[in-house]
Amino acid sequence: MKSFVKKLFVSAAALLLTLTSVWTFAGTGLKADEFPDDPNDGIITSNERKTDLLNETLDDVPKVSAASYILYDATSGTILLGKDYDIQKEPASMTKVMTILLALERLDLTETVVVSHEMAVAIKAIPSDYVRLGLQEGEEISVKDLVYAAVLKSANDASLVLAMHMGGTEREFCDLMNAKAAEIGCTSTHFSSAFGLSTPDNLTTPLDMALILNEAVTNTIYPDIAKTLSYSINATNKYSTSRDLNNSNRFVSTTQYGYEYYLGGKTGFTDTAGYTLCAAVKKNNRTLVGCVFNAADSEVRYADLLRLFEYGYSTFTTVEITENEFTPQADESRRQITQLLAETNLYLSDLKLVLEPYITTTSSRAQLGSTSRIDLSKAVIDTSVEHQTLEMPLLKVYSDKTYLVGTMIVEIDKKAGVVEVNPEKITNLTNVRSVLVTFAVLSGLILLLVIVLLIFRARVIKHRRDEATKRANML
């Protein structure tokens with residue numbers, strides 16, 4: 001009898017727990033086929049991809065005489081080769097790329113500049129062995145003439161006048177230079193000169209210089225200027241004859257170092273900086289930027305960059321990432337998620353792919369082919385949340401490496417017309433429901449107890465009757 005009653009109470013308690021769990025259910029997990037372990041022990045993220053190729057063991061890497069250098073794939077934002085590419089050094093006249101970049105962004109080429117007294121004083125302070133155009137106080141000259149003089153002739157006075165015309169003083173203009181450098185992603189650049197004066201605090205790095213030059217050749221007419229073989233400045237109010245400028249850059253002016261894919265660049269030299277050179281080239285819609293600092297001599301820097309460019313195009317491949325590669329997987333993901341949400345109060349409201357435009361890898365790896373996958377393994381949908389955003393990695397998988405190339409973004413929303421119960425603020429409906437559940441559970445327990453008592457009473461009565469009958473028979 002006691003065992004029977006105990007079982008009834010255990011059953012009633014189990015029923016109560018089951019009913020309670022119905023209202024406290026939190027969510028459901030979205031599980032897909034687990035993504036296989038990456039052969040290279042990890043997925044290479046966007047940030048890691050920028051320098052990952054530096055860890056490759058490559059054959060026939062060209063020897064570079066410069067103290068520091070970089071070969072940068074500007075199309076994908078990847079460093080292909082480099083040495084001390086993030087160490088600050090003096091850029092010398094490569095500084096002018098930033099000055100010209102700002103001039104092309106801020107000034108009209110037809111605008112006339114008047115060489116002020118302050119400008120003339122500043123020009124006199126330029127060291128005597130630095131190249132000059134010969135600007136005079138009071139001279140009226142166009143922005144275009146000054147820009148061409150600064151790029152083709154590397155005229156320091158032309159660069160300084162442009163700077164003071166924009167900034168008021170050279171120091172204030174350097175603030176504009178440094179702000180622009182930070183804007184385009186430079187992290188180790190500090191300009192204190194508008195033309196490349198040899199000072200300990202006019203510093204940049206090969207990587208930052210590559211970013212600056214890429215900005216100039218990509219978003220301004222810098223390439224048109226830098227590839228001009230010769231230019232003539234007409235007579236001004238201070239010069240009765242024209243001044244002819246010949247491009248001193250060997251990528252343009254010589255056949256030995258001429259390069260058909262050349263976009264633009266800038267040379268530089270001071271006693272402390274040594275020979276410097278930056279150049280950008282474009283082949284098959286792929287832009288490479290090379291920078292060398294403190295090269296051995298004037299000609300070697302050109303040979304260094306030519307070898308780097310040829311190696312970069314032959315050894316590495318830049319691949320465009322398109323949505324078409326992920327369309328089948330995205331469609332299947334949509335189907336899986338929609339199926340999981342069918343029995344809930346949620347639905348998939350939007351699904352979109354956000355992709356990196358390009359990635360760069362070795363040509364040998366690319367030739368073996370790749371697959372595209374979406375990793376759903378960690379996606380979880382919480383059915384108690386009215387709106388949620390899921391982000392799932394888009395992966396490009398090669399034989400020995402897996403690259404993260406984007407994200408699939410899924411938006412989940414509540415279905416229209418569905419009343420959502422707010423767990424933080426219990427509504428009247430929830431109160432009624434809770435009362436009904438509690439009443440049902442308690443009624444069930446009371447009914448069970450009544451049944452137990454009735455059964456117990458019946459057995460007691462039967463037991464007493466049996467005892468009375470037994471005594472009567474004995475008599």
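Per 0.36 nm of contour for each residue apart, how much would the distance between Thr371 and Leu447 grow if the chain were fully extended, relative to their Cα-Cα spacing?
20.9 nm
Leaving out ligands and nucleic acids, note down the accessible area per residue over segment 212-299 with a 1.4 angstrom probe, in whole Å².
Values: 3990 Å² over 88 residues.
Each residue of segment 212-299 exposes 45 Å² on average to a 1.4 Å probe.
How big is the charge dipole of segment 306-410 about its Cα centre, in debye rounded to the nearest 20, if each Lys and Arg gets +1 on its Cβ and each Asp and Glu gets -1 on its Cβ?
My answer is approximately 400 debye.
Given a cut-off of 18 Å, name the pairs among Lys144/Lys227; Lys144/Lys180; Lys96/Lys180 whose C-alpha atoms lie farther apart than that in the structure shown. All intermediate terms of the calculation are to be shown ahead of the outcome.
Details: Lys144/Lys227 15 Å; Lys144/Lys180 21 Å; Lys96/Lys180 13 Å.
From Lys144/Lys227; Lys144/Lys180; Lys96/Lys180, over 18 Å: Lys144/Lys180.
Which loop-located trypsin sites (Lys or Arg not before Pro) does segment 304-406 contain, where loop means any DSSP state but H, G, I, E or B and the Cβ has at most 15 other Cβ atoms within 10 Å?
Here the sparse-neighbourhood loop sites are Lys378.
Magnitude of the Cβ-charge dipole of segment 62-162, K/R +1 and D/E -1, about the Cα centre, nearest 20 debye?
Taking the Cα centre of segment 62-162 as origin, the dipole is about 440 debye.
Run through all the Cα pairs of segment 283-407 and give the fraction in each 10 Å bin from 0, expressed as whole percent.
10, 30, 23, 16, 11, 6, 2, 0
Express the carbon and sulfur contribution to the solvent-accessible surface of segment 320-384 as a percent, rounded to the nearest whole number, probe 1.4 angstrom.
Carbon plus sulfur share of accessible area: 48 percent.
Using DSSP to call loops (not H, G, I, E or B), can you name the GluC sites (Glu not before Pro) in segment 305-396 whose Cβ has at most 10 other Cβ atoms within 10 angstrom?
Within segment 305-396, the qualifying GluC sites (Glu not before Pro) (loop, at most 10 other Cβ atoms within 10 Å) are Glu343.
Let's test the formula: R0 of 45 Å, r as the Cβ-Cβ distance of Ala125 and Thr51. What FRET efficiency results, to the nearest 0.05?
With a Förster radius of 45 Å, E is 0.65.
How high is the FRET efficiency from Thr187 to Phe456, r the C-beta distance, R0 51 Å, rounded to 0.05?
Values: r = 85 Å, r/R0 = 1.66.
Efficiency, from the Cβ-Cβ distance: 0.05.
Could you give the nm distance between label points at Glu343 and Gln388, where each point is 7 Å from its Cα heading toward the beta carbon?
1.7 nm
The values are calculated or read from the model by the stated rules, or taken from the named source; none is laboratory data. As the structure is a computational prediction, the values presented were derived from the model and not from experiment. With ideal geometry, Cβ positions are generated from the backbone for all residues, glycine too; neighbour counts draw on all protein chains shown. Heads up: the accessible areas ignore ligands, DNA and RNA and are worked out on the full protein's heavy atoms, side chains in. Shrake-Rupley method; radii C 1.70, N 1.55, O 1.52, S 1.80 Å.
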